[in-house]
Amino acid sequence: MRLDAMAPDSLHEVEAVVDGDAESLILHRDAAGRARAWLNVCPHAGRRLDWAPGQFLRSKDGLLVCAVHGASFELQGGECVAGPCRGEALREVAVHCADGEVRLGAPPSTAG
């Protein structure tokens with residue numbers, strides 16, 4: 001996904017192949033412009049977090065809220081801070097930005 005297509009503090013759903021399996025991912029662009037990604041799976045019951053494809057609930061204080069059981073996740077590290085899976089976290093997927101795009105995986109090594 002193009003980084004410039006993601007407004008600051010926005011959430012997006014994308015499909016990607018992770019470890020050989022097709023997965024739904026949540027992409028978040030924070031206010032500083034950094035992108036993060038997690039599997040679109042609530043650790044409580046294994047259900048998707050979006051209430052409709054690509055449509056996510058947010059609390060008044062900006063937390064991501066699971067549409068099924070109301071678990072609330074902060075968007076810096078994906079930790080559940082309220083609800084049935086408090087203390088657990090979303091499964092992070094490594095992403096990096098290159099050429100204006102959010103791409104899967106760690107950034108290429110610059111060691112030479």
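The values are calculated or read from the model by the stated rules, or taken from the named source; none is laboratory data. Keep in mind the model is a prediction, meaning the values are calculated, not measured. Don't worry about glycine lacking a Cβ; one is built from the backbone with ideal geometry, like all the others, and counts go over all protein chains shown. All accessible areas refer to the heavy atoms of the entire protein, side chains included, with ligands and DNA or RNA removed. Shrake-Rupley method; radii C 1.70, N 1.55, O 1.52, S 1.80 Å.
Going through segment 10-19 one residue at a time, which ones are in a strand (DSSP E or B) and surrounded by fewer than 12 Cβ atoms within 10 Å (Cβ to Cβ)? Those that are in a strand (DSSP E or B) and surrounded by fewer than 12 Cβ atoms within 10 Å (Cβ to Cβ): GLU15, VAL17.
Just one residue in the set ALA22, ALA7 is in a strand (DSSP E or B), more than 13 Å from the chain's Cα centre (by Cα) and without any contact (Cβ under 8 Å) to a residue 40 or more places away in the chain; that residue is ALA22.
Say whether the condition of being touching a strand residue (DSSP E or B) at 6+ places or on another chain (Cβ under 7 Å), among the small types (Gly, Ala, Ser) and without any contact (Cβ under 8 Å) to a residue 24 or more places away in the chain is met by at least one residue in segment 95-103.
So in segment 95-103, the residues touching a strand residue (DSSP E or B) at 6+ places or on another chain (Cβ under 7 Å) come out as 95-97, 100-103.
From what is left, the residues that are among the small types (Gly, Ala, Ser) are 100.
Among the residues that remain, those that are also without any contact (Cβ under 8 Å) to a residue 24 or more places away in the chain are: none.
No - not one qualifying residue is present in segment 95-103.
Summed over segment 33-75, the residues that are open to solvent by less than 60 Å² (accessible area, probe 1.4 Å) and either without any contact (Cβ under 8 Å) to a residue 40 or more places away in the chain or not β-branched (Val, Ile, Thr) (or both) give a count of 30. Listed conditions (1) part of a strand (DSSP E or B); (2) loosely packed, with under 13 Cβ neighbours inside 10 Å are all met by HIS96, apart from (2).
Restricted to segment 76-87, and to residues that are hydrophobic (A, V, I, L, M, F, W, C) and more than 16 Å from the chain's Cα centre (by Cα), which residue is least open to solvent (accessible area, probe 1.4 Å)?
First, the residues of segment 76-87 that are hydrophobic (A, V, I, L, M, F, W, C): 80-82, 85.
In the following step, the residues that additionally are more than 16 Å from the chain's Cα centre (by Cα) were identified as 82, 85.
Values: ALA82: 35, CYS85: 1 Å².
Ranking the candidates gives CYS85 first.
Residue-level check: of (1) touching a strand residue (DSSP E or B) at 6+ places or on another chain (Cβ under 9 Å); (2) closer than 24 Å to PRO107 by Cα, ASP21 misses just (1). Identify all residues within segment 20-32 that are more than 22 Å from VAL81 (Cβ to Cβ) and either in contact with a Phe, Trp or Tyr (Cβ under 6 Å, 6 or more places away or on another chain) or loosely packed, with under 15 Cβ neighbours inside 10 Å (or both); write none if there are none. Hits for segment 20-32 are GLY20, ASP21, ALA22. The set of residues in segment 76-93 being in a strand (DSSP E or B) and in contact (Cβ under 8 Å) with a residue 24 or more places away in the chain consists of CYS80, ALA89, GLU92. Residues in segment 39-59: is at least one touching a Lys or Arg at 6+ places or on another chain (Cβ under 6 Å) and of a type in the set (S, T, N, Q)? Taking every residue of segment 39-59 in turn, at least one turns out to be touching a Lys or Arg at 6+ places or on another chain (Cβ under 6 Å) and of a type in the set (S, T, N, Q).
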